[in-house]
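Student: Starting off with a structure, shown below.
The values are calculated or read from the model by the stated rules, or taken from the named source; none is laboratory data. Worth saying up front: this structure is predicted, and the values here are computed from it rather than measured. Positions of Cβ are generated from backbone atoms using ideal geometry, with glycine treated the same way; all protein chains shown enter the neighbour counts. We work out accessible area using only protein heavy atoms, side chains counted, and drop any ligands, DNA or RNA first. Shrake-Rupley method; radii C 1.70, N 1.55, O 1.52, S 1.80 Å.
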Amino acid sequence: MTSSSDRSQAVDVQEPKTYEVRTYGCQMNVHDSERLSGLLEDAGYVRAPDGSDGDADVVVFNTCAVRENADNRLYGNLGRLAPMKTKRPGMQIAVGGCLAQKDRDTIVKKAPWVDVVFGTHNIGKLPVLLERARVQEEAQVEIAESLEAFPSTLPTRRESAYAAWVSISVGCNNTCTFCIVPALRGKEKDRRTGDILAEIEALVGEGVSEITLLGQNVNAYGSDIGDREAFSKLLRACGQIEGLERVRFTSPHPRDFTDDVIAAMAETPNVMPQLHMPLQSGSDPVLKAMRRSYRQDRYLGIIEKVRAAIPHAAITTDIIVGFPGETEEDFEQTMHVAREARFSAAFTFQYSKRPGTPAATMENQVPKEVVQARYERLVALQEQISWDENKKQVGRTLELMVAEGEGRKDGATHRLSGRAPDNRLVHFTKPDQEVRPGDVVTVEVTYAAPHHLLAEGAVLDVRRTRAGDAWEKRNAAEAPKPAGVMLGLPKIGAPEPLPVATGSGCGCD
């Protein structure tokens, strides 16, 4: 006779379903992917092991539509998963993000093995759509035309224990001729200041010490309520949050960059001396064709004011080379701005057509070989400027927030890596005492390369932090996490220079 306990032991325990999220595109997509992971874990899924490469029960593609070859990349990746799905009964594939918002039913027609297609406005529906697809045994395509919930109101599975994105707005009211994002993300919609600050305070309570305010046009915050100083007020309010050590924001638009924002940056101690402000082109005629509502003088005037108020500020940018109609004289104006602005780094892109944008059908498309030659000249100039600007850091004593996974050679060199207040990446000698990601160390810079600094001497000071405690607690509670996110753009604590990128240079600004 079998006892009830014997019977209970004989019952098979079903393993939880695994998931993998693959992310392409801008910081907003990274933020959305953290929410998608949180939603799936809230629904009972667990993250697939590192290196699973599609070998998961659910694979989610969070897509980008800002590059001409975005659809080719997606369908190529979907094609590689088709035979895996055939061999793995019950496996599901979902496609979301900007390309899903744009292509809608086309995805299922081209890749009928896809189970779910969802857009930028309804990421919170993913678990429901997956279950509906499983029960009904047919693809579920649901694209909302307007935002259902701010991403930050959804469950999250953050990539970092010590740094976090905080969305303050979604959408964009600009009409840049090279950018399709406003059509896919919708008009700008601002979040209530109280909700933003409440989220930041909750994150700090969990151990986060660095936050990045996120918006497609972040410094236009307040347009919904007609308060042109709302963004500077938000920065100052962040300065009142105890335990919040570093505040960054991305990406601002030069049109909305007002003097009150510069004053707030200079006067709020935890707002970092770093600014990423897209230039796109230094030529006034090209800026007009791009429908960018500023000109070279205005842009350089902002840089001058920022440097006067924050002398050690590191300024980075985006630049597009080869926009339709760009002449050699236009390109020389971009080179002139690069020399004048002295960017610490630049994300330099070769223009590529984006289907659905006015620029894609403009006359005078610049030949590929001309674009390539100009691009190489600009990259060479910016490499030298970046190196020269980094050499000015040698001999300075800096406080670094220790980073996780930012030094690819740290293991071989017995170094650790961290971010300076101005966001420069610094590799430093590993001290004898334990140092965790999120902790803060004080070092002296001894060497400069174009894209990083070295501190080869002994660490001058180590400060253990609540952020480091949070990192330690997370890693003690779970197995080592897989990368999960495949980005062509910066992570938290970035931007890192990407001089060899090709595309538009826009994404969300």
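Student: Inside the range 396-416, can you point out the residues that are of a type outside the set (D, E), modelled with pLDDT of 90 or more and open to solvent by 70 Å² or more (accessible area, probe 1.4 Å)? So that I can check it myself, show each step before the final result.
Tutor: Step one: of the range 396-416, the residues of a type outside the set (D, E) are 396-398, 400-403, 405, 407-409, 411-416.
Then drop every residue that is not modelled with pLDDT of 90 or more, which leaves 396-398, 400-403, 415-416.
If the condition is that a residue be of a type outside the set (D, E), modelled with pLDDT of 90 or more and open to solvent by 70 Å² or more (accessible area, probe 1.4 Å), then T397 is the only one that fits.
Student: Tell me, please, whether a residue that is over 24 Å from the mean Cα position of the chain (by Cα), in contact (Cβ under 8 Å) with a residue 40 or more places away in the chain and not in a loop (DSSP other than H, G, I, E, B) can be found in the range 82-92.
Tutor: yes
Student: Next question, about the same structure. For the range 246-264, what are the residues that are hydrophobic (A, V, I, L, M, F, W, C) and either out of contact with any strand residue (DSSP E or B) (no Cβ under 8 Å at 6 or more places or on another chain) or open to solvent by 10 Å² or more (accessible area, probe 1.4 Å) (or both)? Walk me through how you get there before you give the answer.
Tutor: First, pick out the residues of the range 246-264 that are hydrophobic (A, V, I, L, M, F, W, C): 247, 249, 257, 261-264.
Those that are hydrophobic (A, V, I, L, M, F, W, C) and either out of contact with any strand residue (DSSP E or B) (no Cβ under 8 Å at 6 or more places or on another chain) or open to solvent by 10 Å² or more (accessible area, probe 1.4 Å) (or both): F249, F257, V261, I262, A263.
Student: Another question, if that's okay. Among the listed residues P358, P367, identify the single one that is touching a residue at least 24 places away in the same chain (Cβ under 8 Å) and within 14 Å of G325 (Cα to Cα). Walk me through it before giving the result.
Tutor: Values: P367 fails: touching a residue at least 24 places away in the same chain (Cβ under 8 Å).
Every option except P358 fails the conditions.
Student: If I filter the range 310-327 down to residues being free of Cβ contacts under 8 Å to residues at least 60 places away in the same chain and touching an Asp or Glu at 6+ places or on another chain (Cβ under 8 Å), which single residue comes out as nearest to H276 (Cα to Cα)? Can you show your working first?
Tutor: Quick first cut of the range 310-327, residues free of Cβ contacts under 8 Å to residues at least 60 places away in the same chain only: 310-311, 315, 317, 321-322, 324-327.
Filter again for touching an Asp or Glu at 6+ places or on another chain (Cβ under 8 Å), leaving 324-325.
Numbers: P324: 25, G325: 26 Å.
Among them, the one singled out is P324.
Student: I'm trying to understand the selection: among the residues of the range 441-451, which are free of Cβ contacts under 8 Å to residues at least 60 places away in the same chain and surrounded by 18 or more Cβ atoms within 10 Å (Cβ to Cβ)?
Tutor: At the first step, the residues of the range 441-451 found to be free of Cβ contacts under 8 Å to residues at least 60 places away in the same chain are 441-447.
Answer for the range 441-451, where residues must be free of Cβ contacts under 8 Å to residues at least 60 places away in the same chain and surrounded by 18 or more Cβ atoms within 10 Å (Cβ to Cβ): V441, V443, V445.
Student: Looking only at residues that are open to solvent by 90 Å² or more (accessible area, probe 1.4 Å) and closer than 17 Å to R88 by Cβ in the range 7-22, which one is modelled with the lowest pLDDT? Walk me through how you get there before you give the answer.
Tutor: Taking the range 7-22 as the starting set, the residues that turn out to be open to solvent by 90 Å² or more (accessible area, probe 1.4 Å) are 7, 9, 11-15.
If we keep only those that are closer than 17 Å to R88 by Cβ too, we end up with 14-15.
Details: Q14: 62, E15: 73.
That would be Q14.
Student: Out of D115, D105, I need the residue that is over 30 Å from S223 (Cα atoms) and modelled with pLDDT under 85. Which one? I'd like the intermediate steps shown before the answer.
Tutor: On the way: D115 fails: modelled with pLDDT under 85.
The unique qualifying residue is D105.
Student: Return the total of residues in the range 358-395 being open to solvent by 30 Å² or more (accessible area, probe 1.4 Å), outside any helix (DSSP H, G or I) and polar (S, T, N, Q).
Tutor: 2
Student: Next question. Select, from P278, P311, the only residue that is closer than 30 Å to D259 by Cβ, part of a loop (DSSP other than H, G, I, E, B) and in contact with a Cys (Cβ under 8 Å, 6 or more places away or on another chain). Quick ask: steps written out before the conclusion?
Tutor: Numbers: P311 fails: in contact with a Cys (Cβ under 8 Å, 6 or more places away or on another chain).
From the options P278, P311, the qualifying one is P278.
Student: Still on this structure, I have one more. What number goes with the only condition from (1) farther than 30 Å from P324 by Cβ; (2) in a helix (DSSP H, G or I); (3) among the charged types (D, E, K, R) that R248 does not pass?
Tutor: (2)
Student: A follow-up question, please. So if I check each of Q274, Q240, Q296, which one is open to solvent by 50 Å² or more (accessible area, probe 1.4 Å) and modelled with pLDDT of 95 or more? So that I can check it myself, show each step before the final result.
Tutor: Numbers: Q274 fails: open to solvent by 50 Å² or more (accessible area, probe 1.4 Å); Q296 fails: open to solvent by 50 Å² or more (accessible area, probe 1.4 Å).
Just a single option satisfies the conditions, and that option is Q240.
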